[in-house]
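What follows is one structure encoded as structure tokens, with my remarks underneath.
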Amino acid sequence: MPVGALTGPERGWSTEALVDTSLKRTPLFDAHVKAGARMVPFGGWEMPVQYAGIIEEHRAVRTSVGLFDVSHMGEFEAEGPQALAALQSLTTNDASALDIGQVQYSALCYPDGGIVDDLTVYRLGGDRYMLTVNAGNIDKDWEWVTSHAGAARWRNVSGETALIAVQGPRAEALVGRLAERDVTAIGYYRFAHGAVAGVRTLISRTGYTGEDGFELYVAAGDAARLWSALLESGRPDGVAPIGLGARDTLRLEMRYALYGNDIDATTNPLEAGLGWIVKSGKGSFIGRDAIEKVRGTGPTRRLIGLEMAERAVARHGYPVVKDGTPIGIVTSGSYGPSVDRYIAMAYVATPHAAVGTEVGVEIRGQVKTARVVKTPFHPSRTKK
């Protein structure tokens, strides 16, 4: 499968590497360039889209272990006696259910139920929390949380924080060799503090690939040291640096939503299959009434998985049709290297969302046959 089938403007990056001095760079930029990465614009950052190749990198994560630089993500800290109340009013999930050392997937919503962003919430201490938000939404999210829940003490630590994801079946062994503590004791969506390769780290058992692994939060100045140590120690495991291209195909096989593609301000969480992170029973929060209205009537459209019947890539924005009539739109699509199929996610009208339904995807003026399938496309192998 040519690389061009897996990348392009619909992914949020350019098909050509451009020099743009306005782009931000992570602390690992020089390491990526030295490794021969192809650097591209992404969400205001200059990021590696691939090193050896998207398919090769994708398979390295599924079979061994890969390193991702995700330092472009944003981190906000909220603390003080009003921190929990602030999160309860801002986020859809129930932050009061979090133990210290636990992580929660959640969302911020507008009053009309549209999604401001999806994020993870960390309970760092008794009244101290951290939110990890999407890179392209940092400024928007910061304005949103501070203007709608100002009673908490907020601190934007995005610029001083680096984040390295270590993902794959050999991730535990790699991080375990370098960590001062037993990382096998860290459960899924849990975290602990401890040095890794001598670097002070928040070790989080989370990820965006469907494989076991960790996300390592460190001070920006320590990122290069940790990255080098992981690459060196991981040589026997077949460790490889992984770019945004493979990150996209890995998360697509798991049906993980990408903000700006599969969810955005026009998306209600229930349409996107995110009802499980909406805890309306906890009380009032921004967007609750609008979400509950949709729950009462049922979503008019649903985010579904598609499998193409032939070699054709259904890209973001392509129309989905049934008997010649438009019924929806593709949000993400590519070749899935682990499943060896051409797969996609799309919103379709609810009557056409049942598994097994045959539909068409209009690709450059031609309708290609597709079928609604059960997701995820690839089974999760995260540690429970």
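The values are calculated or read from the model by the stated rules, or taken from the named source; none is laboratory data. Predicted model, so just to flag it, every value in this text is computed and none were measured. As a convention, Cβ positions derive from the backbone with ideal geometry for all residues, glycine included, and neighbour counts pool all protein chains shown. Note: areas computed on protein heavy atoms with side chains; ligands, DNA, RNA excluded. Shrake-Rupley method; radii C 1.70, N 1.55, O 1.52, S 1.80 Å.
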Most mobile of P351, P269, P27 per a Gaussian network model of the chain (Cα springs, under 10 Å)?
P351
Nearest-0.05 FRET efficiency for A219 and D127, computed from C-beta distance (R0 30 Å):
0.85
Going by Cα centres, the range 334-384 and the range 66-120 are how many Å apart?
29
Apply the Karplus curve 6.51 cos²θ - 1.76 cosθ + 1.60, θ = phi - 60°, to the phi angles in the range 76-85 and return the couplings in whole Hz, x for Gly and Pro.
10, 10, 10, 8, x, x, 9, 5, 5, 4
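At 222 nm, what helix-only mean residue ellipticity would the chain give, in deg cm²/dmol to the nearest 500, using -39500 (n - 2.57) for each DSSP H run of four or more? It would help to have the intermediate numbers written out before the result.
Values: 8 runs with 74 residues, N = 384.
Helices in the chain give a 222 nm mean residue ellipticity of -5500 deg cm²/dmol.
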Residue-ordered couplings for the range 267-274, obtained by feeding phi - 60° into the Karplus form 6.51 cos²θ - 1.76 cosθ + 1.60 and rounding to whole Hz (Gly and Pro as x), are 9, 8, x, 5, 5, 7, x, 9
Based on the mean of other beta carbon atoms within 10 Å per residue, what is the order of 367-378, 36-47, 208-219, most packed first?
208-219, 36-47, 367-378
For the pair R177/L231, report the inter-label distance in nm, with labels modelled 7 Å from Cα in the Cβ direction.
1.6
Quick one: the Cα spread of the range 301-373 along its three principal axes, in angstroms, biggest first?
30, 25, 18
Diagonalise the Cα gyration tensor of the range 153-238 and give the resulting equivalent ellipsoid semi-axes, square root of 5 times each eigenvalue, largest first, whole Å.
20, 15, 12
Report, by chain and number, residues whose modeled amide H sits under 5 Å from the one on T161, excluding near sequence neighbours (fewer than 5 apart, same chain).
A220
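With N set to the residue count of the range 74-154, report its C-alpha Rg divided by 2.2 N^0.38 Å to two decimal places. Could the numbers behind the result be given before it?
Details: Rg = 11.3 Å, N = 81, 2.2 N^0.38 = 11.7 Å.
Cα-based Rg divided by the globular estimate yields 0.97.
For the range 98-252, just run the numbers: alpha carbon Rg, then divide by 2.2 N^0.38 Å, N being how many residues it has.
Working: Rg = 16.3 Å, N = 155, 2.2 N^0.38 = 15.0 Å.
Against the compact-globule rule of thumb, the ratio is 1.09.
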Where labels lie 7 Å past Cα in the beta-carbon direction, separation of S22 and T297 in nm
3.9
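With a ≥ b ≥ c taken as the square roots of the eigenvalues of the C-alpha gyration tensor of the range 214-325, please select rounded if a/c is under 1.5 and otherwise prolate if a/b is larger than b/c or oblate if it is not?
Values: a/c = 3.32, a/b = 1.47, b/c = 2.26.
Note, shape of the range 214-325 comes out oblate.
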Applied in sequence order to the range 370-375, the curve 6.51 cos²θ - 1.76 cosθ + 1.60 (Karplus, θ = phi - 60°) yields integer Hz couplings, x standing for Gly and Pro, of 9, 9, 6, 10, 6, 10
Taking the range 301-373 and dividing mean pair separation by its residue count, relative contact order in percent (alpha carbons under 8 Å, at least six apart)
40
Which order do peptides 66-74, 223-231, 117-125, 318-326 fall in by mean Cβ count within 10 Å, highest first?
66-74, 117-125, 223-231, 318-326
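So if each residue of separation counts as 0.36 nm, and I subtract the Cα-Cα distance between Y188 and T266, what length gain in nm does that give?
Extra length available between Y188 and T266 comes to 25.0 nm.
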Please report, in whole Å, how far the alpha carbons of the chain spread along each principal axis, starting with the longest.
61, 49, 42
Starting from the 7 Å offset along Cα-to-Cβ, what nm value, one decimal, do you get for the label separation of A52 and Y105?
2.8
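Which percent, nearest 5, of DSSP beta bridges in the chain are antiparallel? It would help to have the intermediate numbers written out before the result.
On the way: 82 of 88 bridges.
For the chain, the DSSP antiparallel bridge percentage is about 95.
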Could you look at the chain and say what percent of its accessible area is carbon and sulfur, using a 1.4 Å probe and all protein chains?
51
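Compute the Cα gyration tensor for the range 248-384, then decide on rounded, prolate or oblate, letting a ≥ b ≥ c be the square roots of its eigenvalues: rounded whenever a/c is under 1.5, prolate when a/b is larger than b/c in the other cases, and oblate in all that remain. Please list the in-between numbers first.
Numbers: a/c = 2.20, a/b = 1.42, b/c = 1.54.
Oblate is the answer for the range 248-384, as a/c is 1.5 or above yet b/c matches or exceeds a/b.
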